[in-house]
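Notes follow the structure.
Each reported figure results from applying straightforward, stated rules to the coordinates on display, with no laboratory input. Every value quoted in this text rests on a predicted model; they were computed, and no experiment measured them. Cβ placement follows ideal geometry from the backbone for every residue including glycine, while neighbour counts extend to all protein chains displayed.
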Amino acid sequence: MRRAKISIIGAGNVGATAAHWAASKELGDIVLVDIPAVEGMPQGKALDLYESSPIEGFDSRIIGATSYEPTANSDVVIVTAGVARKPGMSRDDLININTGIVKTVAENVARHSPNAVMIVVSNPLDAMVYVAWKASGFPTKRVIGQAGVLDTARFRSFLAQEVGCSVEDVQALLLGGHGDDMVPLARYTFAGGIPITQLVKKDRLEEIIKRARNGGAEIVQLLKTGSAYYAPAAATVQMAEAVVRDKKRILPCAAYCDKEYGIGGYFVGVPVVLGTDGVERIIEVELDAEERKMFQNSVDHVKELVKSVKV
Ligand code: APR
């Protein structure tokens with residue numbers, strides 16, 4: 001069987017960590033790409049990671065590059081290129097610089113891997129995934145933004161701590177934009193099949209939701225020199241795995257919604273079925289009036305953000 005090929009554009013913290021998780025899951029061969037100004041960096045990280053394979057016991061070819069030729073015909077391309085935020089910055093503050101970067105990257109991805117599924121991680125996510133879609137000319141189902149898996153993972157981690165149970169037993173769903181904008185749905189959140197509202201008091205749940213919303217900022221504040229990368233990379237690799245192994249996972253992702261939820265042509269966080277073809281289906285969940293209002297606010301912010309970028 002032919003091994004899958006996964007290219008990661010941007011060999012910084014998120015990119016290199018994603019390469020690490022992907023290799024350890026033996027997802028396929030990996031190409032780590034960065035800009036010529038840092039020649040040697042992606043090659044060095046790739047070689048170092050490859051040299052860990054006899055110890056960890058995975059068989060993957062891992063190479064680094066500063067051009068796109070080695071990425072040719074990738075099955076999945078993960079885009080982490082761009083700058084990360086520093087304390088005091090919001091994700092939206094990155095928009096001008098990252099728009100130019102993501103546009104160039106997506107054009108190159110389309111040229112060299114015309115059939116790939118592209119997973120965008122660069123921030124501000126909801127706008128960058130739109131830029132990548134426009135610049136690549138890919139069908140909407142093959143462009144997906146990573147946000148919901150990470151935001152849900154943060155929410156699930158904090159809930160597991162609160163309940164005193166395994167993180168594996170907490171299932172949650174959230175909709176909307178990334179981070180501050182996300183809409184956690186308490187009604188669709190369970191621990192071991194038990195509605196979370198039976199296990200966590202309302203005011204504590206509100207506090208946990210707030211912490212999950214600010215999860216990215218909390219890490220930026222602690223690190224001071226950059227933003228989170230372990231959890232973002234793990235989230236991205238879970239999505240890549242769903243595609244490479246055609247798992248049909250139901251995951252919250254930034255997907256292109258037109259008629260769905262009445263969005264009208266933007267990428268927003270919704271539950272999707274992820275498989276070989278990318279987004280195979282968007283699932284529309286029932287929302288009550290309050291949930292719908294929160295979701296609409298989040299969507300309005302995403303629309304504003306997208307309108308401010310020039311693609
Ligand atoms: N092509 C390829 N790589 C690029 C390009 C480009 N045009 N422009 C920048 N890069 C590379 C940088 O050289 C750097 O190595 O992207 C990498 C980004 O790495 P970090 O600065 O470590 O940032 P990281 O923490 O990985 O975050 C990357 O993901 O989560 C988001 O907000 C985050 O937008 C940020 C992105």
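Annotations
- Pairing residues of region 207-228 that are closer than 20 Å to Gln146 by Cα and touching a residue at least 12 places away in the same chain (Cβ under 8 Å) with residues that are of a type outside the set (Ser, Thr, Tyr) and surrounded by fewer than 15 Cβ atoms within 10 Å (Cβ to Cβ), at Cβ distances under 6 Å and at least 6 apart in sequence or on separate chains, gives Val220/Pro87.
- Region 14-29: number of residues that are within 15 Å of the ligand (Cβ to nearest atom) and either touching a Gly at 6+ places or on another chain (Cβ under 6 Å) or within 19 Å of Glu69 (Cβ to Cβ) (or both): 2
- First in region 293-311 and among the aromatic types (Phe, Trp, Tyr), second anywhere and part of a loop (DSSP other than H, G, I, E, B) and surrounded by 13 or more Cβ atoms within 10 Å (Cβ to Cβ), Cβ under 7 Å, 6 or more apart: Phe295/Leu287
- Test for Leu223: is it out of contact with any strand residue (DSSP E or B) (no Cβ under 9 Å at 6 or more places or on another chain) and surrounded by fewer than 21 Cβ atoms within 10 Å (Cβ to Cβ): yes
- Whenever a residue of region 1-21 is farther than 18 Å from Pro36 by Cβ, its partners that are near the ligand (Cβ under 10 Å from one of its atoms) and of a type outside the set (A, V, I, L, M, F, W, C), lying with C-beta atoms within less than 7 angstrom and at least six residues away or across chains, give the pairs Asn13/Gly226; Asn13/Tyr229; Val14/Thr80; Val14/Tyr229; Val14/Pro232; Thr17/Tyr229; Ala18/Thr80; Ala18/Thr236.
- Pick from region 249-265, criterion surrounded by 22 or more Cβ atoms within 10 Å (Cβ to Cβ) and of a type outside the set (A, V, I, L, M, F, W, C), ranking: farthest from the chain's Cα centre (by Cα): Tyr256
- Among the residues of region 50-84, those identified as surrounded by fewer than 22 Cβ atoms within 10 Å (Cβ to Cβ) and assigned to a helix (DSSP H, G or I) are Tyr50, Glu51, Ser53, Pro54, Ile55, Glu56, Glu69, Pro70.
- Filtered by the rule that a residue be within 12 Å of the ligand (Cβ to nearest atom) and either more than 17 Å from the chain's Cα centre (by Cα) or more than 20 Å from Gly269 (Cα to Cα) (or both), region 188-228 gives Ile219, Val220, Leu223, Thr225, Gly226, Ser227.
- In region 85-113, residue surrounded by the most Cβ atoms within 10 Å (Cβ to Cβ) [restricted to those that are of a type outside the set (A, V, I, L, M, F, W, C) and in a loop (DSSP other than H, G, I, E, B)]: Ser113
- One residue from Arg61, Arg142, Arg111 being farther than 18 Å from Leu32 by Cα and either touching a Ser or Thr at 6+ places or on another chain (Cβ under 6 Å) or touching a residue at least 12 places away in the same chain (Cβ under 8 Å) (or both): Arg142
- Every residue from region 1-13 that is within 12 Å of Arg61 (Cα to Cα) and more than 16 Å from the ligand (Cβ to nearest atom): Arg3, Ala4, Lys5
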